[in-house]
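The values are calculated or read from the model by the stated rules, or taken from the named source; none is laboratory data. These numbers were taken from a predicted model, which means no experiment stands behind them. Glycine gets a Cβ as well: all are built from the backbone with ideal geometry, and neighbour counts include every protein chain shown. These accessible areas exclude ligands, DNA and RNA; they are computed on the full protein's heavy atoms, side chains included. Shrake-Rupley method; radii C 1.70, N 1.55, O 1.52, S 1.80 Å.
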Amino acid sequence: MRRFLIAGNWKMHKTVQETEAFAADLLPRLSAGSASRPDILICPGFPLLAAAHKAFSGSAVSWGAQNCHAEAGGAYTGEVSVEMLKSLDCTYVIIGHSERRAMFAETNQSCAAKIKAAMSGGLKPIYCVGETLEERRGNLTNDVLQRQIVEGLDGVEPGVDGVLTIAYEPVWAIGTGLAATSEMAEEAHAFIRAQLRDKHGEKTAEAVRILYGGSMKPGNAADLLKRPNVDGGLIGGASLEAESFAAIISHAEALAEH
Ligand code: PEP
């Protein structure tokens, strides 16, 4: 049984003060601890991680990063290592978001190196995959997903303890308000899980959480989350407001109780 993970990707939004205000708004909205409460994660920009650490310590909310470097350290101006993130008590790191693939030349190969660095340094990677609109229209979705999984997990041992999370984020759905239908999401998630099963076996395939990302909102979250292979959400826009993020968390909690 996989616990839902509801993760916010703040991208390049918010300041330290806004991070503090968000935490003060979000935390009272969360239910008292229960077995059905999802894992909750916020991934702010690097300069906000210390504020997130302070604001969320001791609460139900974890914090993580939106990227990391594959090397342990060295002359990499502007980059951030896994060890630096661990020193801020980050638990997760997003790897290979489509914006990083499109704008910062991330490849499946660079993602594989980062995933290995994250895992060996004690961070849980959330590896993003997904097709563009052209690829979907060209019936290439499964080919793209397969390549992203095979190449992006090359040399990665995901194990059976759920350290690796995959986020299926169709590029055409990110920030557009046009989410995938729950049927489309389930089909892609089931395909990704089948790839994991083929390569790593049943136990690993069942342990890996597969999140849906792309215009998830309070209004469509329940429909997406009720699908058997959808194990949570990676949420951009709707994670910026405590009210909408908390509403998605509530949907996950209600579904977990069923
Ligand atoms: C994202 O940034 O990963 C994302 C899914 O954004 P949005 O929810 O705004 O589409």
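As for segment 189-208, it holds no residue that is modelled with pLDDT of 95 or more, of a type outside the set (Val, Ile, Thr) and within 29 Å of Ala21 (Cα to Cα). Of everything in segment 165-182 that is open to solvent by 20 Å² or more (accessible area, probe 1.4 Å) and polar (S, T, N, Q), the residue that is nearest to the ligand (Cβ to nearest atom) is Thr176.
If the condition is being more than 18 Å from the chain's Cα centre (by Cα) and outside any helix (DSSP H, G or I), then segment 137-158 contributes Gly138, Asn139, Leu140, Asp154, Gly155, Glu157. Residue under question is Gly162, and the condition is that it be of a type in the set (Gly, Ala, Ser), open to solvent by 30 Å² or more (accessible area, probe 1.4 Å) and either part of a loop (DSSP other than H, G, I, E, B) or within 16 Å of the ligand (Cβ to nearest atom) (or both); does it hold? Considered against the rule, which asks whether it is of a type in the set (Gly, Ala, Ser), open to solvent by 30 Å² or more (accessible area, probe 1.4 Å) and either part of a loop (DSSP other than H, G, I, E, B) or within 16 Å of the ligand (Cβ to nearest atom) (or both), Gly162 comes out as no. Given the condition in contact with a Pro (Cβ under 6 Å, 6 or more places away or on another chain), touching a residue at least 40 places away in the same chain (Cβ under 8 Å) and more than 22 Å from Ala246 (Cβ to Cβ), answer yes or no: does some residue in segment 214-234 qualify? Scanning segment 214-234 turns up no residue that is in contact with a Pro (Cβ under 6 Å, 6 or more places away or on another chain), touching a residue at least 40 places away in the same chain (Cβ under 8 Å) and more than 22 Å from Ala246 (Cβ to Cβ). In summary, strands (runs of 3 or more DSSP E) completely within segment 31-101 and bearing 2 or more residues that are touching a residue at least 12 places away in the same chain (Cβ under 8 Å) and away from the ligand (no atom under 14 Å from the Cβ) occur at 39-43, 61-65. A count restricted to segment 102-136 and to residues that are within 14 Å of the ligand (Cβ to nearest atom) and either assigned to a strand (DSSP E or B) or at pLDDT below 95 (or both) stands at 4.
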